[in-house]
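First comes the structure, then the notes that go with it.
The values are calculated or read from the model by the stated rules, or taken from the named source; none is laboratory data. This structure is a prediction, so every number in the text was calculated from the model and none was measured. Here the Cβ positions follow ideal geometry from the backbone for every residue, glycine too, while neighbour counts run over all protein chains shown. For accessibility, only protein heavy atoms count, side chains too; no ligands or nucleic acids. Shrake-Rupley method; radii C 1.70, N 1.55, O 1.52, S 1.80 Å.
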Amino acid sequence: MFWDGTTLDPQEGIKFRGKTIQECQNLLPGDPREKGKSEFLPESMLWFLMTGQVPTVQQTGGLVRELAQRGKNLPVYTERIMDNLPKDMHPMTQLAIGLASMNKSSLFSAKYQEGTIGKGDYWEYVYEDALNLISALPLLTGKIYSNIVNDGEPLGQFNPDRDWSYNIASLLGMTFRDSVNKQHMTADQCEDFTNLVRLYCGIHVDHEGGNVSAHTTHLVGSALSDPYLSYSSGIMGLAGPLHGLAAQEVVRFLVEMNSEIESPENEKQVEEYLWKILKSNRVIPGYGHAVLRKPDPRFEAMLRFVEDRQQEFAQDKNVQLMKKMSQVAPKVLAKHGKTKNPFPNVDSASGILFHHYGIQELLFFTVIFGCSRSIGPLTQLVWDRALGLPIERPKSVDLNTIRSLCK
Ligand code: MLT
């Protein structure tokens with residue numbers, strides 16, 4: 001399939017418009033008010049993927065304000081739907097429902113129904129919908145989190161003067177101002193959490209086109225379903241344990257393992273535990289990847305986040321075990337010989353960092369993934385329509401055809 005914003009090399013990992021994660025970290029603007037401490041903003045990445053040009057600080061600032069203006073309210077009907085969902089409904093189901101409901105205000109869909117636009121104009125309305133969808137995600141995410149942990153009562157407020165990730169953090173109740181700060185975090189910890197959201201959302205935006213969420217968005221969009229319907233379908237795929245839900249499995253695994261070993265520092269015990277898992281035909285979650293054959297550079301970026309904050313993470317047994325596993329598991333898996341890629345992928349680090357800061361509802365991690373993943377596939381959807389790509393319609397064959405082909 002054609003996919004322009006990102007490419008995935010088995011050895012080098014993900015590249016965004018040809019740039020590695022570290023190059024993006026050096027090039028893409030962060031929040032200027034944090035004077036060099038900020039991770040690059042997902043808004044910078046959105047600009048970069050959409051245009052192929054590295055934005056200036058001013059251009060990023062303009063896009064930050066644009067998204068905040070568009071995203072300061074959810075449509076009333078979406079809010080009503082979200083308020084009335086069972087509070088214990090799966091967070092990804094809530095996200096898919098919320099996004100699909102917004103198709104009521106799709107500009108593309110309205111124009112298409114009117115029959116007033118030609119093929120050459122489709123992309124402009126898809127672009128407007130894409131930006132509106134992305135900008136709605138902080139409020140929608142906050143609504144889902146407050147539904148599952150706070151009986152629907154807001155945990156923070158939307159600040160139209162701040163960036164998209166800050167508002168996600170704030171609506172999760174995790175910023176020093178604008179939030180209830182139920183975790184009682186210090187100002188520095190709150191700033192670190194906002195930067196974790198920026199980093200996580202900045203590097204999960206896309207993983208070339210073939211992953212389930214990106215491919216689904218592209219496939220559904222190819223039928224000229226609007227961006228809300230297309231991306232809510234992508235979200236349904238992201239909810240699968242072999243895709244976005246994997247980070248949850250890792251957290252469970254690390255917590256259980258820590259309860260059975262004396263210390264994450266005890267390499268021999270870690271190794272023995274991993275062999276026990278493999279011998280009982282279970283998998284080690286967070287290791288291996290369908291395409292990658294080297295450690296996932298997204299994992300390495302999350303690890304650098306931890307290394308830069310050694311004091312913060314020193315007492316967290318789960319984070320320490322995650323680090324130890326990344327040294328021990330590749331050797332064990334290589335010796336075991338059944339995996340093509342014995343290295344850690346991004347899931348082995350991401351969930352446990354959210355867990356560290358107090359996000360304990362494991363099913364919810366994938367909603368934050370869903371915020372990030374909107375950026376790549378929706379950018380591609382704009383380009384799909386600009387380039388007039390056709391409906392995706394693979395030919396299928398039945399078993400008899402396969403038999404005769406084999407013969
Ligand atoms: C992703 O980020 O989409 C995952 O690593 C899965 C994949 O690339 O297939």
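Specify which of the listed residues (Ser350, Ser326) is under 23 Å from Val270 (Cβ atoms) and at pLDDT below 95.
Sole residue among the options that is under 23 Å from Val270 (Cβ atoms) and at pLDDT below 95: Ser350.
Each row is one residue, and each column tells you yes or no for (1) in a helix (DSSP H, G or I); (2) within 28 Å of Ala386 (Cα to Cα).
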{"site": "Ile14", "(1), (2)": "no, yes"}
{"site": "Asn26", "(1), (2)": "yes, no"}
{"site": "Gly36", "(1), (2)": "no, no"}
{"site": "Glu43", "(1), (2)": "yes, yes"}
{"site": "Phe48", "(1), (2)": "yes, yes"}
{"site": "Pro55", "(1), (2)": "no, yes"}
{"site": "Gln59", "(1), (2)": "yes, yes"}
{"site": "Val64", "(1), (2)": "yes, yes"}
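Being surrounded by fewer than 17 Cβ atoms within 10 Å (Cβ to Cβ) and over 14 Å from Arg198 (Cα atoms) is a condition met by at least one residue of the stretch 38-51. Sub-8 Å Cβ pairs linking a first residue in the stretch 370-387 that is in contact (Cβ under 8 Å) with a residue 12 or more places away in the chain to a second residue that is of a type in the set (D, E, K, R) and assigned to a helix (DSSP H, G or I), at least 6 apart or interchain, number zero.
Of the helices (runs of 4 or more DSSP H) entirely within the stretch 145-256, those holding at least 2 residues that are within 14 Å of the ligand (Cβ to nearest atom) occupy 187-203, 212-222, 227-238.
Taking Pro154 as the residue in question, decide whether it is open to solvent by 40 Å² or more (accessible area, probe 1.4 Å) and touching a residue at least 12 places away in the same chain (Cβ under 8 Å). For Pro154, the condition - open to solvent by 40 Å² or more (accessible area, probe 1.4 Å) and touching a residue at least 12 places away in the same chain (Cβ under 8 Å) - is met.
Total residues in the stretch 205-245 satisfying the condition of being among the small types (Gly, Ala, Ser) and under 15 Å from Val382 (Cα atoms): the figure is 7.
Scanning the stretch 336-354 for residues that are open to solvent by less than 30 Å² (accessible area, probe 1.4 Å) and touching a helix residue (DSSP H, G or I) at 6+ places or on another chain (Cβ under 7 Å) yields a count of 12. The residues listed here are Val270, Val319, Val306, Val283; of these, the one that is without any contact (Cβ under 8 Å) to a residue 60 or more places away in the chain, out of contact with any strand residue (DSSP E or B) (no Cβ under 8 Å at 6 or more places or on another chain), part of a loop (DSSP other than H, G, I, E, B) and β-branched (Val, Ile, Thr) is Val283.
Just so you know, in the stretch 234-283 the residues that are of a type in the set (Gly, Ala, Ser) and more than 19 Å from Phe343 (Cα to Cα) include one that is most open to solvent (accessible area, probe 1.4 Å), and it is Ser259. Filtering the stretch 284-335 to residues that are more than 16 Å from the ligand (Cβ to nearest atom), open to solvent by 60 Å² or more (accessible area, probe 1.4 Å) and within 24 Å of the chain's Cα centre (by Cα) leaves Arg304, Glu307, Asp308. Does Glu34 satisfy the condition of being over 23 Å from His218 (Cβ atoms), more than 20 Å from the chain's Cα centre (by Cα) and surrounded by 13 or more Cβ atoms within 10 Å (Cβ to Cβ)? Considered against the rule, which asks whether it is over 23 Å from His218 (Cβ atoms), more than 20 Å from the chain's Cα centre (by Cα) and surrounded by 13 or more Cβ atoms within 10 Å (Cβ to Cβ), Glu34 comes out as yes. Cβ separations smaller than 6 Å between residues 6+ apart or across chains give the following pairs from the stretch 124-150 residues that are within 17 Å of Tyr166 (Cα to Cα) to residues that are basic (Lys, Arg) and surrounded by fewer than 21 Cβ atoms within 10 Å (Cβ to Cβ): Ser135/Arg70. Against the criterion of being in contact with a helix residue (DSSP H, G or I) (Cβ under 6 Å, 6 or more places away or on another chain) and closer than 27 Å to Pro241 by Cβ, His204 qualifies.
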